[in-house]
Amino acid sequence: MTDDGDVLPGSEHGPLDDDPEAERRAAAPRQPLGVWWVGVIGLAVAGVLLVTENLRLYGYAVGATMGVLALLRAVLPDARAGGLAVRGRWVDVTAMALLGAAVAVLASTLRLG
């Protein structure tokens, strides 16, 4: 079979013809998103706080969201973690927890008004 999908001379089958389940597997998503919606909700709340000009609470909300996502990544199996599983479990947890803590600390040091 060529790159453009044509069947080569002498080859009567395409790559998916030998395996009837191959099309189903090819169409299935590689990794479910899992609990990604927790992060979306947390960041949406943070966005509302930002729009209402509450910058310190915005920083706390982003930091807390990162902390919750780190906790979820630590306790959920890879199949349920979905989009939170990027690298190894403890690399993901450490990165999210440290970044969340850094954002919260930076938010606490803001001099507003």
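The values are calculated or read from the model by the stated rules, or taken from the named source; none is laboratory data. If you're wondering where the values come from, they're calculated on a predicted model, not measured in any experiment. Positions of Cβ are generated from backbone atoms using ideal geometry, with glycine treated the same way; all protein chains shown enter the neighbour counts.
Can you tell me which residue is surrounded by the most Cβ atoms within 10 Å (Cβ to Cβ) among those in segment 21-65 that are modelled with pLDDT under 90, part of a helix (DSSP H, G or I) and among the small types (Gly, Ala, Ser)?
That would be ALA22.
Tell me which residues, restricted to segment 76-113, are exposed (fewer than 11 other Cβ atoms within 10 Å of the Cβ) and under 17 Å from VAL38 (Cβ atoms).
PRO77, ALA79
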